[in-house]
């Protein structure tokens with residue numbers, strides 16, 4: 001039987017890993033490559049790695065750590081994929097088939113698109129035909145306000161439509177292999193997933209759904225598995241401030257007999 | 001297959017693998033192309049090195065693609081799966097799988113709402129549907145096993 005996945009999300013902004021709140025405020029977390037190495041050692045099931053820079057200027061500004069100062073996101077991806085032994089999904093600023101091809105050739109296993117899919121829905125199908133649905137993750141940023149939903153593009157800054165379920169179904173129809181659902185209003189708030197939204201989407205589609213946004217404690221992962229049909233739970237901030245966080249999170253779920261892989265630590 | 005023929009020297013590969021017996025390990029689609037035929041985006045010819053057809057997974061309503069860590073059931077012992085009796089979750093990401101004609105060439109299956117073949121072997125030709133290069137400890141062990149077989 002297949003296990004449910006737990007997926008750390010890393011956000012990269014101009015060369016630095018950052019913590020995000022409400023898609024607006026960012027706090028620096030450090031070097032992208034070292035964090036990936038740690039997450040790999042804690043036996044993460046997968047990794048989602050998103051470039052949220054508004055331009056392609058990357059500067060690690062650290063020459064003292066014996067690591068080259070990488071200037072572009074692609075160079076960083078190449079370094080990251082050398083450090084890991086787990087599947088990586090790469091997203092951010094993907095506009096063309098060439099963008100996808102470059103990321104896959106540098107070691108990404110899957111790519112995720114948001115703005116490009118909303119602006120040009122047939123692109124989902126073109127990419128799925130070229131690279132296979134299995135590597136096409138459509139990312140959906142959803143803002144909830146008094147029970148009304150909006151689907152956002154351009155890093156949470158533009159409203160594209162008001163029906164996340166209809167958009168999820170369209171993305172599936174066009175060839176998306178997975179959906180990565182982010183609750184913008186819960187980003188960095190630690191108040192748990194938007195269970196209602198996740199339940200609506202995960203019961204409507206037949207492709208795997210990855211939940212993201214709002215995790216503040218391990219119980220929130222359990223809630224998503226208890227109350228929705230999501231296939232995977234993702235989180236960013238909670239994994240970055242504790243040693244062996246992924247190991248502890250998995251241990252929490254594994255002990256309660258959730259369908260996850262046993263916690264493990266790997267030195268490769 | 002057309003794309004493979006345009007990118008790879010298939011005749012040379014066939015000479016190395018089929019005539020000289022060089023060991024080869026096909027991963028994911030690399031396993032699927034070993035079959036005679038595939039049904040993704042219409043019917044296409046494969047290499048035909050291991051008799052079988054690649055069909056869409058039948059998974060009784062579970063989400064497709066099949067993405068994530070799935071345990072495998074070893075149905076026949078092979079040096080490729082040595083030491084993997086206990087740690088056997090592997091990372092899969094696919095919607096199609098090979099239906100092997102000769103059951104004797106199937107060494108492991110996986111269950112995802114229905115069983116499918118995930119480790120095949122015919123002589124020096126091996127195929128795995130999952131990704132050993134992404135499967136952490138179990139994956140490393142399998143790669144190490146293949147290298148030992150290949151020596």
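All of the numbers you see were taken from the coordinates with simple rules; none came from a lab. Please read these numbers as outputs of a predicted model, since none were measured by experiment. Backbone-built Cβ (ideal geometry, glycine too); neighbour counts: all protein chains shown.
Annotations
- For the pair segment B:30-92 / segment B:124-148, the C-alpha centres are spaced 13 Å from each other.
- Across peptide B:82-91, the mean count of Cβ atoms from other chains lying within 10 Å of each residue's own Cβ comes to 2.
- Pairwise inverse Cα distances across the protein assembly as shown, averaged and inverted, put the Kirkwood hydrodynamic radius at 22.1 Å.
- Scoring B:61-74, B:101-114, A:172-185 by mean Cβ neighbours within 10 Å over their residues and listing the highest first yields A:172-185, B:61-74, B:101-114.
- Rounded FRET efficiency, nearest 0.05, which uses the C-beta distance separating residue A:219 from residue B:143 and R0 of 35 Å: 0.40
- Peptide A:81-93 has a mean shielding of 2, counted as Cβ atoms of other protein chains within 10 Å of each residue's Cβ.
- Cα gyration tensor of segment B:22-150 - equivalent ellipsoid semi-axes, whole Å, descending: 21, 18, 12
- Centroid-to-centroid separation of segment A:148-168 and segment A:1-51 [C-alpha atoms, Å]: 23 Å
- Peptide A:129-136, shielding by other chains (average Cβ, 10 Å cutoff): 4
- Across segment A:5-255, counting alpha-carbon atoms alone, Rg and Dmax equal 16.9, 50 Å.
- Rounded to 0.05, the FRET efficiency of the residue A:254 and residue B:11 pair, given R0 = 35 Å and the Cβ-Cβ distance, is 0.10.
- Each of A:123, B:92 has some number of other Cβ atoms within 10 Å of its Cβ, and from fewest to most they run A:123, B:92.
- Chain A - percent relative contact order, Cα under 8 Å, separation 6 or more: 19 percent
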